[in-house]
Amino acid sequence: MADDIKVQVRNLVKKFGELLVLNNISFDVKKGEFLCVVGPTGCGKTTFLNTITRLYEPTSGEILINQEPVNLKKHNIAYIFQEYSTMPWLSVEENIAYGLKIKHMDKRTMKEAVDEMLELVGLTQYRTYYPNELSASMLQRVVIARAFATKPELLLMDEPYGQLDVELRFKLEDELIRLWQKLGTTVIFITHNTEEAVYLSEKILVLSNKPTAIKKEFVNPLPRPRNISDPEFIRIRNQVTELIKWW
Ligand SMILES: Nc1ncnc2c1ncn2[C@@H]1O[C@H](COP(=O)(O)OP(=O)(O)OP(=O)(O)O)[C@@H](O)[C@H]1O
Ligand SMILES: [Mg+2]
């Protein structure tokens with residue numbers, strides 16, 4: 001059903017001069033789906049997200065949201081960058097309110113939205129703190145809270161946990177899943193990490209080396225909650241690892 005489709009990518013081609021990066025990519029993301037994209041370094045994952053948000057114009061092809069060409073004035077898209085960042089001159093609550101201010105939300109509704117997000121990520125007592133007074137995990141929570149606060153219809157995440165230690169990554173992944181389930185957001189999440197993709201996703205797109213095409217679309221059959229040491233989890237993880245062998 002077309003109504004279930006949030007994002008349609010159709011014959012997307014992106015070149016930088018003579019360099020062909022995205023070579024005719026097509027796929028759909030369903031409403032509320034959690035899609036993970038895995039692909040080798042430099043294959044064009046960040047370029048793809050930058051094309052969705054119109055930071056880059058596609059060379060050809062199109063990206064539709066709710067059957068219409070992407071339009072940031074109309075479509076509420078949140079983007080967590082590879083080098084994620086808080087704004088150091090703003091407090092925790094001001095960071096979270098940032099996207100809402102841009103949308104000229106009235107003060108009361110904004111406060112309610114910020115309070116809800118602070119509560120959801122467990123930072124209520126740190127609302128007046130500044131980023132330099134927070135740990136790495138707290139900073140990540142601020143970034144996540146800011147992204148979810150605007151209730152985006154599409155959330156793009158570019159390897160947000162790549163730099164973090166394993167324990168912290170697990171915690172934040174669980175928190176992300178909890179928010180995603182509660183808020184029903186459609187998510188496109190980029191990662192290098194097979195285990196992370198299998199833990200988080202409902203569907204995995206495996207990309208090839210440049211010029212980049214979709215090597216495989218893999219539907220993740222695992223029920224939730226998931227456990228990385230469960231034999232079935234390990235079996236699926238191995239299956240995906242076989243698919244991504246770029247070497
Ligand atoms: N603005 C640009 N101008 C020219 N070339 C670019 C530009 N942005 C990206 N590229 C090139 O496009 C290719 C894909 O880059 P991109 O950053 O999208 O890869 P990636 O898959 O996100 O890599 P990584 O896994 O390291 O994050 C690279 O060869 C890169 O050099
Ligand atoms: Mg990248």
Index of the failed condition, residue 66 passing every other in (1) within 16 Å of ligand 1 (Cβ to nearest atom); (2) in contact with a strand residue (DSSP E or B) (Cβ under 8 Å, 6 or more places away or on another chain): (1)
For segment 19-51, give me each residue that is within 12 Å of residue 190 (Cβ to Cβ), aliphatic (A, V, I, L, M) and more than 12 Å from ligand 1 (Cβ to nearest atom). 35
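Looking at this structure, is residue 12 assigned to a strand (DSSP E or B) and open to solvent by less than 10 Å² (accessible area, probe 1.4 Å)?
Judged against the criteria, residue 12 is a match.
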Any idea which of 50, 71 is assigned to a helix (DSSP H, G or I) and not charged (D, E, K, R)? 50
From 55, 49, which residue is within 16 Å of ligand 2 (Cβ to nearest atom) and open to solvent by 20 Å² or more (accessible area, probe 1.4 Å)? 55
Name the residues in segment 15-46 that are within 16 Å of ligand 2 (Cβ to nearest atom) and open to solvent by 20 Å² or more (accessible area, probe 1.4 Å), would you? 16, 19, 41, 42, 46
Residue 130 out of contact with any helix residue (DSSP H, G or I) (no Cβ under 7 Å at 6 or more places or on another chain), surrounded by 15 or more Cβ atoms within 10 Å (Cβ to Cβ) and farther than 30 Å from residue 4 by Cβ: yes
Counting only residues that are outside any loop (DSSP other than H, G, I, E, B) and surrounded by 20 or more Cβ atoms within 10 Å (Cβ to Cβ), which one in segment 81-98 is farthest from ligand 1 (Cβ to nearest atom)? 93
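Name the one entry in 32, 42 that is touching a Gly at 6+ places or on another chain (Cβ under 8 Å) and not in a strand (DSSP E or B).
Just one listed residue meets the conditions, 32.
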Since residue 173 meets every condition but one in (1) more than 16 Å from ligand 2 (Cβ to nearest atom); (2) in contact (Cβ under 8 Å) with a residue 12 or more places away in the chain; (3) open to solvent by 20 Å² or more (accessible area, probe 1.4 Å), which condition does it not meet? (3)
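The values are calculated or read from the model by the stated rules, or taken from the named source; none is laboratory data. Quick caveat: nothing in here was measured; it's all calculated off a predicted structure. Please note: Cβ atoms are built from the backbone with ideal geometry, for glycine as well, and neighbour counts cover all protein chains shown. Accessible surface areas use protein heavy atoms only, side chains included; no ligands, DNA or RNA. Shrake-Rupley method; radii C 1.70, N 1.55, O 1.52, S 1.80 Å.
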